[in-house]
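To start, the structure under review is shown below, and the notes come after it.
Values in this text are rule-based calculations from the coordinates and carry no lab data. A quick note: this is a predicted structure, and the numbers were derived from the prediction, not measured. Note that we place each Cβ from the backbone using ideal geometry, even for glycine, and neighbour counts take in every protein chain shown.
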Amino acid sequence: MQKVIVLGATSGIGREVARLYAFQGCVVGITGRREELLSELRAECPEQFFASAFDIGAVSSVENHLDALAEQLGGLDLLFLSSGYGKRNSELVAETEQLTIQTDVSGFTAVVGWAFKYFAQQNYGHIAAVSSIAGLRGNRYAPAYSASKGYNMHYLQSLRQLANHQKYNIYITDIRPGFVDTQMAQGNGVFWSAPVHKVAAQIVRAVNQKKKVVYITKRWRYVALVLRLIPRIIFEKL
Ligand SMILES: NC(=O)c1ccc[n+]([C@@H]2O[C@H](COP(=O)([O-])OP(=O)(O)OC[C@H]3O[C@@H](n4cnc5c(N)ncnc54)[C@H](OP(=O)(O)O)[C@@H]3O)[C@@H](O)[C@H]2O)c1
């Protein structure tokens, strides 16, 4: 039976992914800050879900929480990181920018750093983390968010190179969604917003196949290609 931790399982992508892993017969550690939502999810399958409520932005306690949860599961094969924060902030409201960095940079680093060391010790494991198409280039709508997601992509690539260099049997999957119909994307005038159940199914399939980088849904691969090709001088005037 596979042992999985899903961070950000109280809503959106993480919750659907946690459900799919439970459906596949995995034992699943579920996390997020909203305890009542964790309890609701746990009640759907109490023998497979183990809950732990904590804030990944409180980086000094992240390792202890994850150690305890992995012990409860009896080990760990896959860590899936879906916790994230971001909203439009062209006004550069300092609180929004800082909260984004605290969650998507500091929290992210604490979580994947813990997982990498855990898997290095047992010489196997898989880290899958949700970045975003928004991380491919900076954008005026959400500066800290796009920068943080770019950081996620580079960090995951660094870990993949480190695993190869040290000959660790650790897989790293960078999941890059376009718009997904979750709380985070609501009311932002988004287009091509994909339903969360479709997104979760495509993500789990890609993680099971141990893909390195995946665009979700598939059409966003072409958007990514175009985004990358636009010359900087033009891009910065958009
Ligand atoms: N929706 C989109 O269009 C879209 C597109 C590309 C990428 N993404 C990425 O996908 C991931 C999941 O987002 P979503 O769309 O599913 O949004 P969501 O429904 O708002 O889910 C975000 C999850 O992150 C958790 N979280 C936020 N801050 C946290 C913190 N400080 N500590 C612990 N958990 C925290 C939330 O749980 P609590 O609030 O209970 O803590 C929640 O479970 C994010 O990384 C997001 O950037 C989303």
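Bin by bin, in steps of 5 Å, what percent of the Cα pairs in segment 46-124 do you find, going until the bin that has the longest distance?
Bin by bin from 0 Å, the calculated values are 3, 14, 23, 21, 16, 11, 6, 5, 2, 0.
Counting only other residues whose beta carbon sits under 10 Å from that of Val199, what net charge do I get with K and R as +1, D and E as -1?
Neighbour charge sum, excluding Val199 itself: -1.
Please list 3J(HN,Hα) in residue order for segment 196-202, calculated via the Karplus relation 6.51 cos²θ - 1.76 cosθ + 1.60 where θ = phi - 60°; whole Hz, with x for glycine and proline.
Taking θ as phi minus 60°, the curve returns 5, 5, 5, 4, 4, 5, 5 Hz for segment 196-202.
Using the beta-carbon distance between Glu47 and Ala120 and R0 = 22 Å, what value does 1/(1 + (r/R0)^6) give for FRET efficiency, to the nearest 0.05?
0.15
Expressed in whole Å with the largest first, what are the equivalent ellipsoid semi-axes of segment 68-176 derived from the C-alpha gyration tensor as the square root of 5 times each eigenvalue?
28, 15, 10
Round to the nearest 10 and give me the degree value, 0 to 90, for the angle of helix 220-229's Cα axis relative to the longest principal axis of the chain.
50 degrees
Scan segment 80-151 for GluC sites (Glu not before Pro) in coil per DSSP, keeping those whose Cβ has at most 15 other Cβ atoms within 10 Å, and list them by number.
Glu91
How large is ³J(HN,Hα), in whole Hz, for each residue of segment 52-63 in order, when computed from phi with the Karplus curve 6.51 cos²θ - 1.76 cosθ + 1.60 and θ = phi - 60°, using x for Gly and Pro?
Running phi through 6.51 cos²θ - 1.76 cosθ + 1.60 with θ = phi - 60° gives 8, 8, 7, 9, 6, x, 8, 4, 5, 9, 4, 4 Hz.
Efficiency by 1/(1 + (r/R0)^6): what FRET value for Trp192 and Ile230, r their Cβ-Cβ distance, R0 = 25 Å, to the nearest 0.05?
Rounded to the nearest 0.05, the efficiency is 0.85.
Taking θ = phi - 60°, what integer Hz values does the Karplus form 6.51 cos²θ - 1.76 cosθ + 1.60 yield along segment 206-213, in sequence order, with x for Gly and Pro?
Result, ordered by residue: 5, 5, 4, 7, 6, 5, 7, 9 Hz.
Would you kindly state how much longer the chain becomes between Asp67 and Ser158 on full extension, computed as 0.36 nm times their sequence separation minus their alpha carbon distance, in nm to one decimal?
30.4 nm
Which value, in debye to the nearest 20, gives the size of the charge dipole of segment 36-102 about its Cα centre, when Lys and Arg are +1 and Asp and Glu are -1 at the Cβ?
Dipole size: approximately 200 debye.
5 Å is the cut-off here: which amide hydrogens, built 1.01 Å from N in the peptide plane, fall below it relative to Tyr171, excluding neighbours closer than 5 in sequence?
Result for Tyr171 returns Gly125, His126, Ile127.
Could you tell me which residue out of Leu227, Phe179, Val207 lies farthest along the dipole of the chain toward its positive end? Charges go on the beta carbon: Lys and Arg +1, Asp and Glu -1, centred on the Cα centre.
Leu227
Just rank Leu79, Leu238, fewest to most, by other beta-carbon atoms within 10 angstrom.
Leu238, Leu79
When the gyration tensor of segment 131-198 is built from Cα positions, what are the square roots of 5 times its three eigenvalues, in whole Å, from largest to smallest?
Ellipsoid half-lengths, sorted descending, are 28, 15, 7 Å.
Treating only the Cβ of Lys, Arg, Asp and Glu as charged (+1, +1, -1, -1), what charge dipole size does segment 45-178 show about its Cα centre? Round to the nearest 20 debye.
My answer is approximately 640 debye.
Just report the Cα centroid separation between segment 143-215 and segment 115-139, whole Å.
8 Å
Looking at the chain from every direction and averaging, what is the projected area of its Cα convex hull in nm²?
The directionally averaged projection comes out at 12.9 nm².
Could you grab the Rg to Rh ratio for segment 1-91? Cα atoms only, Kirkwood for Rh.
Rounded to two decimals, Rg/Rh equals 0.99.
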